[in-house]
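Peer 1: The following block contains the structure, expressed as C-alpha cells.
Values in this text are rule-based calculations from the coordinates and carry no lab data. Keep in mind that what you see is a predicted model, and the values were worked out from it rather than measured. Neighbour counts run over all protein chains shown; Cβ positions are idealised from the backbone, glycine included.
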Amino acid sequence: MEQQNITAYIPLLDGALSGSEGFIYDEENDWYICENNKILKGSGRVVDDGRGHLVKKYFSLQSDCNCPLRKTCISDKAKTKKVQHSIYKAELERAKARQQTVKARVMKRKRSSTTEPVWGTLINFTGMKRLNARGIKAANKMLLLAATVYNLKKWLK
C-alpha cells in the first residue's frame with residue numbers, strides 16, 4: 001500500500017510486534033542483543049510460523065543462557081532463547097506509530113460508523129463467516145450478492 005501512496009490505518013492484531021521485549025534489534029547485522037549483551041543470531045532464512053505468517057527466527061547459544069538474567073528471559077525448561085519477528089517488522093512498526101496519531105482516531109471513528117457495521121451484519125447475521133464457494137470468482141459473486149441483499153434490506157427500511 002505504501003508503494004501506491006496509500007496511507008492505511010489498519011489496527012494491528014494483538015501480539016503482532018510482541019516477543020522481543022527486552023531485546024535490541026541490530027538491523028545492520030540482523031541479530032538481537034539481550035540485556036546481558038549476548039547475541040541472538042538468525043538462521044538467515046524466512047520460515048512459516050505455523051499460523052501462515054512469514055517470520056525470521058533468532059536463537060541464543062545455550063552457553064549464553066546461564067547468566068543471572070535467565071529467570072527473567074526464558075523458562076526453566078528452555079535451553080535457549082528464541083525470538084522471532086515478522087518479515088514485515090518495519091511496516092508493522094510504522095503502522096503502530098501511525099495508530100497513535102489524531103488522524104488514526106478520526107479514521108477509526110469513521111470506519112466504525114461506515115464499514116464495520118456492514119461486515120458485522122454480513123458475518124454474524126447472514127452466515128457469511130465462511131464462504132462455501134470454490135475459487136475467487138465464485139466467492140466474489142457470493143460477496144456481491146450478500147452486499148446487494150444488505151443494501152436492499154437497508155433500502156426497504
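Peer 1: What do you get for the angle between helix 102-125 and the principal long axis of the chain? Use alpha-carbon atoms, 0 to 90 degrees, nearest ten.
Peer 2: That works out to roughly 60 degrees.
Peer 1: Given springs between every Cα pair under 10 Å in a Gaussian network model of the chain, which of Ala146, Ala78, Ala104 has the largest fluctuation?
Peer 2: Ala146
Peer 1: Scan around Lys81 for amide H atoms under 5 Å from its own, H built in the peptide plane at 1.01 Å from N, and keep only partners 5 or more places away or cross-chain.
Peer 2: Residues meeting the amide H criterion: Ser60.
Peer 1: Taking the Cα centre as origin and putting +1 on Lys and Arg beta-carbons and -1 on Asp and Glu beta-carbons, what dipole magnitude results for the stretch 44-96, to the nearest 20 debye?
Peer 2: 100 debye
Peer 1: Please compute the contact order of the chain in relative form: average sequence separation of alpha-carbon pairs under 8 Å and at least six residues apart, divided by the residue count, as a percent.
Peer 2: 18 percent
Peer 1: Please report the relative contact order for the stretch 14-88, taking Cα pairs under 8 Å with a sequence separation of at least 6, and give it as a percent rounded to a whole number.
Peer 2: 29 percent
Peer 1: With a Cα-only, solvent-free Debye model of the chain, what are the log10 I(q)/I(0) values at q = 0.14, 0.16, 0.17 Å⁻¹?
Peer 2: -0.92, -1.03, -1.09
Peer 1: Right, something else. Can you give the Kirkwood hydrodynamic radius of the stretch 102-156 from its Cα pairs, in Å with one decimal?
Peer 2: 12.6 Å
Peer 1: Among all stretches of the chain without exposed GluC sites (Glu not before Pro) (DSSP loop, at most 15 other Cβ atoms within 10 Å), which one is longest?
Peer 2: Excluding the exposed sites themselves, the longest stretch runs over 36-157.
Peer 1: Identify all lysines with a Cα-Cα distance to Lys108 below 16 Å; exclude those on the same chain that are fewer than 8 residues away in sequence.
Peer 2: In chain and number order, the partners are Lys96.
Peer 1: Classify the stretch 68-127: rounded, prolate or oblate, from the alpha-carbon gyration tensor (a ≥ b ≥ c, eigenvalue square roots; a/c under 1.5 rounded; otherwise prolate if a/b is larger than b/c)?
Peer 2: prolate
Peer 1: Rounded to the nearest 0.05, what FRET efficiency do Asp76 and Leu54 give with R0 = 30 Å and r taken as the Cβ-Cβ distance? Could you check?
Peer 2: Using R0 = 30 Å, I get an efficiency of 0.45.
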